[in-house]
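The values are calculated or read from the model by the stated rules, or taken from the named source; none is laboratory data. What you see is a predicted model, and the numbers here were worked out from it, not measured in a lab. When we count neighbours, we look across all protein chains shown, and the Cβ atoms used for this are built from the backbone with ideal geometry, even at glycine.
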Amino acid sequence: MILRYLAACFVVLLLAGGAALAATSQFPTLSTTSAEPVEIAPPSPNDIKEFMRLLSDEQMRNWLQKTALETGQQFQDTGGISLREQIAKGMAKVRTRLRELGEAWVLLPHVPDLLEDRWEKEMKLHRKVRSLTFLVIFLFVGAGLEWLYRQYTRLPLLRLEMQVHNTPIERARAALSRAAIVVGGQALFALGSIGTFLSFDWPPLVESVVLNLLVVIIVVRAVRALSVFILAPKVPELRMVPLSRKMAKHLHIYLPLVASSFAIAIAVNNVFAQLSLDTDQRVAQATLAESVVLGLGIVAMLLVTIRQSFRLWCSEQTHPTGPAPRHWKNYLYVMVGVVFLLWLFDTGALMWSVLVLATLFPLIKILNAWVDYFFDQAVAAIKAEQELEAEEARAEALAEAKLQAIEADTSGDEAPQEPVQKEPEEQQDPLPGTEPYSTIRLISKRFVRLLVVITALILLGAIWGFNVLSSDQPASFSARVFSVLADTAFVVLVADLIWTWAKTAIDQRLAAYVPPEGSEAPGPEARMATLLPLLRMTLLVALITAVVVSILSSLGVNIAPLIAGAGIVGIAIGFGAQSLVRDVVSGIFFLIDDAFRLGEYIEIGELRGTVESISIRSLRVRHHRGAIHTIPFGELKYLTNHSRDWVIMKLEFRVPFDTDLKLVKKLVKQVGAKLKENEFYGDSILQTLKSQGVRRMEEFNMVVGVKFMTKPGEQWLVRRDAYQMVRDIFEANGIRMAERNVKVEIEGGEGLSDAAKEAAAGAAQVATEGPKAPPGPVPDEP
Amino acid sequence: MNAVTHKRAPLAVALRSARIVTGLILLSFVTTHLVNLILGMHSIALVEQARPYLTGLWTGPIGSVFLEITLTIHFLLAMEAIYKRKTLRMSANDMVQFLAGLAIIPLLVPHVIGIGATREIMSDASYEVILKFFWQQDPIAGLRQVLLLGIIWVHGCLGLFMWLRSKAWALRALPWLYPLAVAIPVFALLGYVEAGREVLIAAKAAKAAQEQVQMDTPTGGQNSVVSGVDPVGVDTPVDEAREQHQGPAAPLTPTQIVARSKLETSWVIRGAIALVVLVLLLRAVRVLRRRKEQIEVSYLNGPTLESKTGPSLLDIARHNDLPHAHICNGRGRCGTCRVRILEGAEDLPEPLQLEQDTLERLGCGPDVRLACQLHPVGGALKVERLLPPDYVLERKTKSTREAAQ
């Protein structure tokens, strides 16, 4: 709602801008830009010699002295104008202007006669009429060419207007093509009419009149074309602004009307300015009176336009919008009034500044609203497309279900099968919670603002005669103040643009990062979650520093010692905090290398554990038995990561020599298949359990190797089950695990008693085993 | 030419055909006249030489009468069309043609009567005399002449092309006719300018040689007394004479002839304008007396429009900027605006003969009507546009012909 209203404001503002343009067009001293400094190469030795010779000439010296004196005086005259003198001069100028206006007022009733006299003197009736005849012919030629062009472009134009456009980009493209076609016709018109005009010789006044007339016609038509491009009163499909058809039509009538009155006023002013060039005072006064009357007319027209537009605007609102429209209307009234008064007093530069500054704020608001509208449209288009797809998917699913139901019916399956409504898969937004384009939308708005402000600054500079873009220090105080302000505004806006962009981009990435839940392995984004806040902070500091430094520099502070001082301090701090710096820097590189992520199981020298947190300086690792290790990055030389991609685990079983190896292989395969089917970790098994055959022979048994591959972290669970299942299945199939048994052979001991046998066995056991500790737990197990 | 083809065609079709026929006759005269003028780019003498073969074909005693009668008929037919219009909110094309047609009256009458008067005085109105008059003696008349040329040509071409566009046989020729339509008036104007320059140079030379060049015609200074009706053309018919007053009737002095022709001019213009005003008034009365009701037209795959009764369906669509095919611009000729009535057919008035003919020619069913001829009388209506708005005639006519065969 507010957007539409703002758009209306914008249009009216444009008009106001045009008004001022028209009003001041008769002051040619508007853009007095300072001369560009020109690089001059040093003189050659020959030149210097020649110069010396000339200097020694008496005549030359006299002349030089004389001119030096004169220019010195001149310089004194113009060089040292103080602020007070400037103001006094301005006041005097206003006073003269007032007197002139008074004289013109007195003369007003006689103006038509005076101008007519002058006009009659300039041209005889017959010649005038003949010029008019020529003008009609030119226009006819131009119009004929354009008509011809239109006959051939009619159909493409119609097709363009009839297309349905889904995205705003498409719409803008179509509108641009349409505008291009229309402008092509107008260019032909201009070419035809001006071309024929140029092929005749004209007396100067007639030339000025006819040319002015042609220019008025061409300008008005161009404005109309622009209005058609933006407002598209007849083709809502191509309208670039969120206005209703009625509003668009209304503005399409008023806008060209106001523009044409401006153009006509300018043309009339031009012609009369030429008339009053070389004649008496009275014609000049009459010209002034005439231009004031025209200006009044234009102001009246502007006020009416503003009033009507706001009235229509308010009547279109379905719900009350509060006092905002009224405020804006009054703002525009006041602006038009002030600008007109300033123009009346001939204060060109002041008027322009007021105009630029007054337009700046609403213009930014309107353009922002317009950018919003554009992106809203784009988002709506995307949503509509998604909905359409969802709709189609649903329809398909429904049709499929129906088909199935029919098939079920016809095949005689009497099962009471409800047609299952398959829900289409949810459209997975890449970034849930954030709308598309949110970053680019923000940045576009900032960028538009930057552009507008820069344009305004350059305009203001041009108005006051400063060259904003030149690098040398301006002379006067006001110019310096202006240049400092301009520089500051520019730097702050650019920094803000960069900051907005970086911040939204970083925040969005961070928002998109979902920390892994439970045992889930963290993705590569995890390190981004560490790095990005750091980056954001660094950027902020850097931007603020840059802004402060450049503002200082534009204030005239010599920043070279500052930077050098900062450098020295930096070096001192750097030495002091060497290890800290080393930690931070190597940490950044470890993170960039993606050496470890949050939640991964790593091994650093003797230490091992799960990465629990990563800070700028250090890494915190929790051992599987609970201990926490804090390791500064600077201490890291190398690092082993156990949680990447896959893990191979090898197991061994000892079986007696008489085991059927084929059976073992088969059984292991069965176990492997069963493991793979497990609902908890089955998906994590990359290569399931398989037998590797006999790995080696030992004294009393064979070692059968098996192995499997899983995702990192899953191997322990799989190993546990694998051991258990293999043991069970071996037992079920009569395969014994080889046990260590000591065969005690007593020579000639066939007749020993049981007790004696036991004693012998006990002695043998002690002899074979010895006092050995049982093997410790496998170390690589959490 | 488009002779009245349907023998049993009713009045409306006959009038429509008559308008085109008279218009074509007038346009061909204007064309020959302009082609004659183009030769002025070479010299006035050449224009004069070619005159019997171009303009001269029409300006004989019979030709002149024929042209004047044709012009009158065309004018009256236009008045009839305006009277019958249901709404004056017309399309841009129609508006231009309407205004151009109105502007022709005050511009053309002085020229026609003036040429007649010139003939009476000088026994022949040669280009040389006329051009001298337009360029040297009375440039205002010259300006009026240029305006007249442009306006007549625009009026004629609009009518011609609107008619041609609805004719399948003309489609091939149209792209070639467009440049011609621009070239003829432009070159004619250039010829006029060039001839004018010749005249002016000659006049200067004559002035330098002699103190005075005596024109045997009165100058345009004493004019503008006759009427306040027409700001541009009152003063003109100085040199010119008139055909219909068969010369030998009474020997009048040139001054008398000029005075008489001025009087005639003013009366003819006044009469024509009075007629136009009368027709517009009558139309206004007729429209005001008609009872207005609210109607609602909804389009299949399109918007729903609201309107008062009176305008045709095509007008309603156009007022609401709804794209709608209409190649012949609402003359009921081409049938491209045809719509299928989906709902509310029972309230509609029966098609008139003109519409019926076109529908029969196109082989449409009873539920199809021409949007340009259908004036809904109230209530709700649901229609479907049968042709896309960017429809090109050529494509379809072939296929329909095949379908017909």
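Residues checked against (1) touching a strand residue (DSSP E or B) at 6+ places or on another chain (Cβ under 7 Å); (2) hydrophobic (A, V, I, L, M, F, W, C); (3) surrounded by 15 or more Cβ atoms within 10 Å (Cβ to Cβ):
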{"residue": "A:Glu600", "(1), (2), (3)": "yes, no, yes"}
{"residue": "A:Gly605", "(1), (2), (3)": "no, no, no"}
{"residue": "A:Thr610", "(1), (2), (3)": "yes, no, yes"}
{"residue": "A:Ile614", "(1), (2), (3)": "no, yes, yes"}
{"residue": "A:Ala627", "(1), (2), (3)": "no, yes, no"}
{"residue": "A:Phe633", "(1), (2), (3)": "yes, yes, yes"}
{"residue": "A:His642", "(1), (2), (3)": "yes, no, yes"}
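For segment A:224-258, give me the residue count where each residue is part of a helix (DSSP H, G or I), within 13 Å of chain B (Cβ to nearest Cβ) and not β-branched (Val, Ile, Thr). Can you show your working first?
Taking segment A:224-258 and keeping what is part of a helix (DSSP H, G or I), we get A:224-231, A:236-238, A:245-258.
The next check asks that each one be within 13 Å of chain B (Cβ to nearest Cβ); those that pass are A:228, A:231, A:236-238, A:245-246, A:248-249, A:252.
Still in the running and not β-branched (Val, Ile, Thr): A:231, A:236-238, A:245-246, A:248-249, A:252.
The qualifying residues number 9.
Please find, among B:Ala195, B:Ala206, the residue that is away from every other protein chain (no Cβ under 14 Å), within 30 Å of B:Asp124 (Cα to Cα) and either surrounded by 11 or more Cβ atoms within 10 Å (Cβ to Cβ) or modelled with pLDDT under 90 (or both).
Working: B:Ala195 fails: away from every other protein chain (no Cβ under 14 Å).
It is B:Ala206.
Out of (1) more than 25 Å from A:Val514 (Cα to Cα); (2) under 36 Å from the mean Cα position of the chain (by Cα); (3) touching a residue at least 24 places away in the same chain (Cβ under 8 Å), what's the single condition that is false for A:Gly570?
So the condition that A:Gly570 fails would be (3).
Please work out which residue is surrounded by the most Cβ atoms within 10 Å (Cβ to Cβ), limiting yourself to segment B:87-139 and to residues that are among the polar types (S, T, N, Q) and more than 14 Å from chain A (Cβ to nearest Cβ). Don't jump to the end; show me each part of the working.
Of all residues in segment B:87-139, those among the polar types (S, T, N, Q) come to B:87, B:91, B:93, B:97, B:118, B:123, B:126, B:136-137.
Narrowing further to those that are more than 14 Å from chain A (Cβ to nearest Cβ): B:87, B:118, B:123, B:126.
Details: B:Thr87: 16, B:Thr118: 27, B:Ser123: 10, B:Ser126: 15.
Only one residue tops the list, namely B:Thr118.
Being polar (S, T, N, Q), out of contact with any helix residue (DSSP H, G or I) (no Cβ under 7 Å at 6 or more places or on another chain) and in a helix (DSSP H, G or I) is the requirement here; does A:Gln724 meet it?
Working: polar (S, T, N, Q): yes; out of contact with any helix residue (DSSP H, G or I) (no Cβ under 7 Å at 6 or more places or on another chain): yes; in a helix (DSSP H, G or I): yes.
So A:Gln724 passes the test.
Output the residue which, of all residues in segment A:183-195 that are within 14 Å of chain B (Cβ to nearest Cβ) and aliphatic (A, V, I, L, M), is surrounded by the most Cβ atoms within 10 Å (Cβ to Cβ).
Taking segment A:183-195 as the starting set, the residues that turn out to be within 14 Å of chain B (Cβ to nearest Cβ) are A:185, A:188-189, A:191-193, A:195.
Those left that are additionally aliphatic (A, V, I, L, M): A:188, A:191.
Numbers: A:Leu188: 20, A:Leu191: 14.
My answer is A:Leu188.
Can you say whether B:Ser166 is at pLDDT below 85, more than 10 Å from chain A (Cβ to nearest Cβ), surrounded by 13 or more Cβ atoms within 10 Å (Cβ to Cβ) and on the phi > 0 side of the Ramachandran plot, as far as the supplied structure shows?
Against the criterion (at pLDDT below 85, more than 10 Å from chain A (Cβ to nearest Cβ), surrounded by 13 or more Cβ atoms within 10 Å (Cβ to Cβ) and on the phi > 0 side of the Ramachandran plot), B:Ser166 does not qualify.
For the list (1) small (Gly, Ala, Ser); (2) under 15 Å from the mean Cα position of the chain (by Cα); (3) within 14 Å of chain A (Cβ to nearest Cβ), I need the number of the one condition that B:Gly142 fails.
B:Gly142 satisfies all of (1) small (Gly, Ala, Ser); (2) under 15 Å from the mean Cα position of the chain (by Cα); (3) within 14 Å of chain A (Cβ to nearest Cβ) except (2).
Regarding A:Arg171, is this residue more than 14 Å from every other protein chain (Cβ to nearest Cβ), under 42 Å from the mean Cα position of the chain (by Cα) and surrounded by 15 or more Cβ atoms within 10 Å (Cβ to Cβ)?
Values: more than 14 Å from every other protein chain (Cβ to nearest Cβ): yes; under 42 Å from the mean Cα position of the chain (by Cα): yes; surrounded by 15 or more Cβ atoms within 10 Å (Cβ to Cβ): yes.
It is true that A:Arg171 is more than 14 Å from every other protein chain (Cβ to nearest Cβ), under 42 Å from the mean Cα position of the chain (by Cα) and surrounded by 15 or more Cβ atoms within 10 Å (Cβ to Cβ).
Hey, among A:Leu302, A:Leu296, A:Leu275, which residue is surrounded by 14 or more Cβ atoms within 10 Å (Cβ to Cβ), at pLDDT 80 or above and out of contact with any strand residue (DSSP E or B) (no Cβ under 6 Å at 6 or more places or on another chain)?
Values: A:Leu296 fails: surrounded by 14 or more Cβ atoms within 10 Å (Cβ to Cβ); A:Leu275 fails: at pLDDT 80 or above.
After applying the criteria, what remains is A:Leu302.
Answer yes or no as to whether B:Glu350 is more than 12 Å from chain A (Cβ to nearest Cβ), more than 26 Å from the chain's Cα centre (by Cα) and not in a strand (DSSP E or B). Write out each step before concluding.
Numbers: more than 12 Å from chain A (Cβ to nearest Cβ): yes; more than 26 Å from the chain's Cα centre (by Cα): yes; not in a strand (DSSP E or B): yes.
For B:Glu350, the condition - more than 12 Å from chain A (Cβ to nearest Cβ), more than 26 Å from the chain's Cα centre (by Cα) and not in a strand (DSSP E or B) - is met.
Scanning segment A:612-626 for residues that are part of a loop (DSSP other than H, G, I, E, B) and in contact with a Leu (Cβ under 9 Å, 6 or more places away or on another chain), which turns out nearest to A:Leu532 (Cα to Cα)? Can you show your working first?
In the first step, residues of segment A:612-626 are kept if they are part of a loop (DSSP other than H, G, I, E, B); the result is A:615-617, A:623-626.
So of that shortlist, the ones also in contact with a Leu (Cβ under 9 Å, 6 or more places away or on another chain) come out as A:616-617, A:623.
Details: A:Ile616: 11, A:Arg617: 15, A:His623: 27 Å.
Per the criteria, the residue is A:Ile616.
Yes or no: B:Val182 in a helix (DSSP H, G or I), more than 30 Å from B:Ile257 (Cβ to Cβ) and either more than 14 Å from chain A (Cβ to nearest Cβ) or out of contact with any Asp or Glu (no Cβ under 7 Å at 6 or more places or on another chain) (or both)?
On the way: in a helix (DSSP H, G or I): yes; more than 30 Å from B:Ile257 (Cβ to Cβ): yes; either more than 14 Å from chain A (Cβ to nearest Cβ) or out of contact with any Asp or Glu (no Cβ under 7 Å at 6 or more places or on another chain) (or both): yes.
It is true that B:Val182 is in a helix (DSSP H, G or I), more than 30 Å from B:Ile257 (Cβ to Cβ) and either more than 14 Å from chain A (Cβ to nearest Cβ) or out of contact with any Asp or Glu (no Cβ under 7 Å at 6 or more places or on another chain) (or both).
Answer yes if at least one residue in segment B:325-347 is free of Cβ contacts under 8 Å to residues at least 12 places away in the same chain, under 24 Å from A:Ala248 (Cβ atoms) and either within 31 Å of the chain's Cα centre (by Cα) or buried (at least 18 other Cβ atoms within 10 Å of the Cβ) (or both), and no otherwise. Show your work before the answer.
So the first thing to find is which residues in segment B:325-347 are free of Cβ contacts under 8 Å to residues at least 12 places away in the same chain, and the list is B:346.
Checking the rest, the ones that are also under 24 Å from A:Ala248 (Cβ atoms) come to none.
No, because not a single residue in segment B:325-347 is free of Cβ contacts under 8 Å to residues at least 12 places away in the same chain, under 24 Å from A:Ala248 (Cβ atoms) and either within 31 Å of the chain's Cα centre (by Cα) or buried (at least 18 other Cβ atoms within 10 Å of the Cβ) (or both).
Inside segment A:112-163, can you point out the residues that are surrounded by fewer than 21 Cβ atoms within 10 Å (Cβ to Cβ), within 8 Å of another protein chain (Cβ to nearest Cβ) and small (Gly, Ala, Ser)?
None - no residue of segment A:112-163 is surrounded by fewer than 21 Cβ atoms within 10 Å (Cβ to Cβ), within 8 Å of another protein chain (Cβ to nearest Cβ) and small (Gly, Ala, Ser), so the list stays empty.
Given the criterion away from chain B (no Cβ under 14 Å) and touching a residue at least 60 places away in the same chain (Cβ under 8 Å), identify the matching residue among A:Asn166, A:Asn212.
Working: A:Asn212 fails: touching a residue at least 60 places away in the same chain (Cβ under 8 Å).
None of the other options fit; the residue is A:Asn166.
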